[in-house]
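Everything on this sheet refers to the single structure shown next.
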Amino acid sequence: MRRGKQHPITVFIIALFCIGLITCASNSTRNQQKKSDIHMTDLPRRHDEAKKLAKELKKKGISDKRVLTAIGNIPRHSFIDAQLSAYAYEDRPLPIESGQTISQPFTVAWQTQLLQLKPGEKVLEIGTGSGYQAAVLCEMEAEVYSIERYYNLYESAKETLNKLGYYPNLFFGDGFEGLPEHAPFDKILITAAPEKIPEKLLQQLRIGGWMVAPVGGRAGQKMTVIRRISENEFKESEHGDFIFVPMQEGTVK
Ligand code: SAH
């Protein structure tokens, strides 16, 4: 029986294998670390609440599984004032700074479902607000661009999103102008209410793409989908009544 010393090459190969194993293990710890960082602000109870909220939205008619998964993964309480934290997972809009609101979760889910986002699609959101909707779009693996007209909201949304590990392209500016330098977009989502469909934004849609927007005055709006069929041809359809804060021109620093 030969149980003598190992050949030096065998020892070298075993050593390489061990180093490989250690590296893989530390990478996976780092990944887990990143995930647990994301939920540092999130107690397990809150995570359960997000899942419950997603189930409630399913019962209310949201059928897109990717939308429901995104909502179930996002700590909505991180996007609102700590004093309102107890209501974070109820299906209702809540106030944020500058007299604006974080939309009702059903509305966020409904608009996102209408977008029919595919991973990698380029989407422009008008009205970053708290950043919650942008987080939903990031969870759905879109390439996200979002504009906000209040500087303080732009800044705090950026901070919240980055803390949670989301890195959309955020801009302080007037959404009526869109982002011509980054156009065309596969999808455009407006989360404040314009009285009429903003023409400049239509021109930033790629042909075959579409926009989801609550269109109408302060009394209420129709959720409208506008598809760009060709260079100059658009098709509209309506998808229910909603109430949003108005889309306003200009910026506030
Ligand atoms: N998507 C947000 C909803 C915020 S409410 C969220 O998930 O929290 C609508 C937002 O649109 C407000 O923050 C408001 O300031 C912003 N808004 C209104 N008019 C705008 C405009 N012309 N350009 C950019 N943002 C606008």
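The values are calculated or read from the model by the stated rules, or taken from the named source; none is laboratory data. This structure is a prediction, so every number in the text was calculated from the model and none was measured. With ideal geometry, Cβ positions are generated from the backbone for all residues, glycine too; neighbour counts draw on all protein chains shown.
Here is how the numbers come out for the structure above:
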quantity: Where Glu121 falls short, out of the listed (1) in contact with an Asp or Glu (Cβ under 9 Å, 6 or more places away or on another chain); (2) over 16 Å from Ala134 (Cβ atoms); calculated: (2)
quantity: Residue that is surrounded by the most Cβ atoms within 10 Å (Cβ to Cβ) [pool: residues in region 234-252 that are hydrophobic (A, V, I, L, M, F, W, C) and within 11 Å of the ligand (Cβ to nearest atom)]; calculated: Phe244
quantity: Options Leu161, Leu189: the member that is in the same structural domain as Ala50 (by TED's automatic domain parsing) and either part of a loop (DSSP other than H, G, I, E, B) or under 20 Å from Gln113 (Cβ atoms) (or both); calculated: Leu189
quantity: All positions within region 208-233 that are of a type in the set (A, V, I, L, M), closer than 22 Å to Ala183 by Cβ and surrounded by 15 or more Cβ atoms within 10 Å (Cβ to Cβ); calculated: Met211, Val212, Ala213, Val215, Val225, Ile226
quantity: Residue that is farthest from the chain's Cα centre (by Cα), among those in region 117-150 that are in a helix (DSSP H, G or I) and surrounded by fewer than 23 Cβ atoms within 10 Å (Cβ to Cβ); calculated: Glu139
quantity: Any hit, region 82-97, residues being within 12 Å of the ligand (Cβ to nearest atom), in contact with a Pro (Cβ under 8 Å, 6 or more places away or on another chain), in the same structural domain as Glu141 (by TED's automatic domain parsing) and touching a residue at least 24 places away in the same chain (Cβ under 8 Å); calculated: no
quantity: Residue identified as touching a strand residue (DSSP E or B) at 6+ places or on another chain (Cβ under 9 Å) and at negative phi among Thr224, Thr160; calculated: Thr224
quantity: Enumeration of residues in region 92-111 that are under 25 Å from Tyr151 (Cα atoms), within 14 Å of the chain's Cα centre (by Cα) and assigned to a helix (DSSP H, G or I); calculated: Pro105, Thr107, Val108, Gln111
quantity: Answer from Leu114, Leu170, Leu153 - the residue that is surrounded by 17 or more Cβ atoms within 10 Å (Cβ to Cβ) and closer than 24 Å to Ala54 by Cβ; calculated: Leu114
quantity: Output for region 212-227, where each listed residue is in contact with a Pro (Cβ under 9 Å, 6 or more places away or on another chain) and part of a strand (DSSP E or B); calculated: Ala213, Pro214, Val215, Gln221, Lys222, Met223, Thr224
quantity: Options Val136, Val123: the member that is in contact (Cβ under 8 Å) with a residue 60 or more places away in the chain, within 13 Å of Met211 (Cα to Cα) and hydrophobic (A, V, I, L, M, F, W, C); calculated: Val123
quantity: Yes/no for Thr101 being within 9 Å of the ligand (Cβ to nearest atom), β-branched (Val, Ile, Thr) and in contact with a Phe, Trp or Tyr (Cβ under 7 Å, 6 or more places away or on another chain); calculated: no
quantity: Residues that are closer than 19 Å to Leu114 by Cα and more than 19 Å from the chain's Cα centre (by Cα), drawn from region 206-219; calculated: Arg206, Ile207, Gly208, Val215, Gly216
quantity: Selection from region 139-165 of residues that are under 21 Å from Leu68 (Cβ atoms) and within 12 Å of the ligand (Cβ to nearest atom); calculated: Val144, Leu161
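Okay, residues lined up against (1) modelled with pLDDT of 95 or more; (2) surrounded by 20 or more Cβ atoms within 10 Å (Cβ to Cβ):
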{"site": "Arg45", "(1), (2)": "no, no"}
{"site": "Leu53", "(1), (2)": "yes, yes"}
{"site": "Glu56", "(1), (2)": "yes, no"}
{"site": "Val67", "(1), (2)": "yes, yes"}
{"site": "Asn73", "(1), (2)": "yes, no"}
{"site": "Ser78", "(1), (2)": "yes, yes"}
{"site": "Tyr87", "(1), (2)": "yes, no"}
{"site": "Glu90", "(1), (2)": "yes, no"}
{"site": "Ile96", "(1), (2)": "yes, yes"}
